[in-house]
1. Which of the residues belonging to region 150-177 are among the charged types (D, E, K, R) and either modelled with pLDDT of 95 or more or closer than 27 Å to GLN229 by Cα (or both)?
2. Quickly run through region 105-128 and pick out the residues that are closer than 20 Å to GLN165 by Cβ, in a loop (DSSP other than H, G, I, E, B) and in contact with a strand residue (DSSP E or B) (Cβ under 8 Å, 6 or more places away or on another chain).
3. Under 7 Å by Cβ, and 6 or more places apart or on different chains, what pairs join a residue from region 144-168 that is closer than 17 Å to PRO114 by Cβ with one that is assigned to a loop (DSSP other than H, G, I, E, B) and acidic (Asp, Glu)?
4. Determine whether ARG106 is open to solvent by 10 Å² or more (accessible area, probe 1.4 Å) and either aliphatic (A, V, I, L, M) or out of contact with any helix residue (DSSP H, G or I) (no Cβ under 6 Å at 6 or more places or on another chain) (or both).
5. Considering region 118-145 alone, what residues qualify as being open to solvent by 30 Å² or more (accessible area, probe 1.4 Å) and under 18 Å from ARG222 (Cα atoms)?
6. Before we move on, is GLY180 within 21 Å of the chain's Cα centre (by Cα), at pLDDT below 95 and either among the acidic types (Asp, Glu) or open to solvent by less than 70 Å² (accessible area, probe 1.4 Å) (or both)?
7. Quick check on my filter: what residues within region 59-98 are in a loop (DSSP other than H, G, I, E, B), modelled with pLDDT under 95 and closer than 19 Å to ARG120 by Cα?
8. Of everything in region 65-99, what is open to solvent by 30 Å² or more (accessible area, probe 1.4 Å) and small (Gly, Ala, Ser)? Give them in sequence order.
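The values are calculated or read from the model by the stated rules, or taken from the named source; none is laboratory data. Since the model is a prediction, treat every value here as computed from it, not as a measurement. A quick note on method: Cβ atoms are made from the backbone with ideal geometry, for glycine too, and the neighbour counts reach across all protein chains shown. Keep in mind that these areas ignore ligands, DNA and RNA; they rest on the heavy atoms of the full protein, side chains included. Shrake-Rupley method; radii C 1.70, N 1.55, O 1.52, S 1.80 Å.
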Amino acid sequence: MGCRHAWLMAATATLTIAAAPALARAPEVVEVPTGPAFVRLPGQKEVKARKGLNLRPATQLRTSKPGRMQVMLGNGRQFRMGGDALLRLTGNSVELLKGSVIGWIRPNAKNRQPFQIRTRLATASIQGTTVFIELNDDTFKVFSWEGRVQVKTRTGEVFTLESGQQLLLDLSRQMSVVKGRLDGLEAALGESGGMFTPDEWEERTKEAESEEEDISWDPPARLEDSEVQQRLTKSALINGFSTPLETLPEIERELGATAPSATP
């Protein structure tokens, strides 16, 4: 009886462990093919990014040319950033302050909640798609590599991009006050040594929002096939990583283009 009782207790314990809900995984750096690339956890000093480094909400990530890195969020969403880029993790979304980022949801993902990439100008939401976003002093660009991407501006306008379409905002043609605000943020970024504290980040982005009410948006436009192929060939965020982009087959099928890594 004693042996049977012990066996039943062990079986019960095993079933209890198996039934326990899986713990949410921590966001982590997947790859750093080239530096410089840096990570600043909340309340800590900036360190060099490295594969396997665990991240937390409000973590700030930074790269300088020719630096690039790939990150996986806790829900399995992934993104790559590169060049002179700076962004911040906000739960299961990211906030891009400057630079370039490409985000995607793998085709067989069970969790179909949209993946949001926010900027001061607009938020792009993707669901089973791949989006590229670039923000610098003179240009704001959102490009759908494949699938449908919804872009909602700070002023409430909503645009829908299909595969191969781009939403382009030429900031150099906008109001001088908007350009001045972007320059001011860039200057403040330099004074901070390349990073903002979480409180400074919130303050700066709130200040910027009030200066962008008069921006004139043009509708999304389809790029020429030759330009799409050129971008795919030269993209530093699609090419040059140890593993291919998970959605690359969908991109090639949707746009009829071929990435160098996929060439026999």
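1. Residues satisfying the conditions are LYS152, GLU162, ASP170.
2. ILE105, PRO114, THR119, LEU121, GLN127
3. SER144/GLU162; ARG148/GLU162
4. So ARG106 passes the test.
5. Those that are open to solvent by 30 Å² or more (accessible area, probe 1.4 Å) and under 18 Å from ARG222 (Cα atoms): PHE132, GLU134, THR139, LYS141.
6. Against the criterion (within 21 Å of the chain's Cα centre (by Cα), at pLDDT below 95 and either among the acidic types (Asp, Glu) or open to solvent by less than 70 Å² (accessible area, probe 1.4 Å) (or both)), GLY180 does not qualify.
7. GLY91, ASN92
8. Of everything in region 65-99, just one residue is open to solvent by 30 Å² or more (accessible area, probe 1.4 Å) and small (Gly, Ala, Ser), namely GLY91.
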